[in-house]
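For reference, the structure is listed below as structure tokens.
The values are calculated or read from the model by the stated rules, or taken from the named source; none is laboratory data. Since the structure is predicted, the reported quantities are computational estimates derived from the model, not experimental observations.
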Amino acid sequence: MDKKIVMTYALRLLGVVLVLMYFFGHPLLNRIFPGFPISSLNYFFYAGLLCYLIGAVLYYFFNRKLLKKIAKDDEFSKDESK
């Protein structure tokens, strides 16, 4: 697998982890970092969305040629079956 594609998967995974940290992470962060003032976890949510979107957009741009080739092959196979 190409390194760029692996990077997009890693970004998307990081985005999912950050969003899950937003929903379920407040008690976990309080246990890991006692005394750390965590007033709002909105930053985790927005950072997670941003990481996921960047990963998805980069994946689309890196695989644009492959997607076009698949679409062209699909059209060709439909034309042959008629």
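One table, with the values for the structure above:
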| read-out | value |
| --- | --- |
| Answer residue from region 31-51, given it is among the hydrophobic types (A, V, I, L, M, F, W, C) and modelled with pLDDT of 85 or more and is farthest from the chain's Cα centre (by Cα) among those | 45 |
| Per-region count, region 68-82, residues modelled with pLDDT of 80 or more and either assigned to a loop (DSSP other than H, G, I, E, B) or under 11 Å from the mean Cα position of the chain (by Cα) (or both) | 0 |
| Elements of type helices (runs of 4 or more DSSP H) in region 1-67, at least 2 residues being β-branched (Val, Ile, Thr) | 3-24, 42-62 |
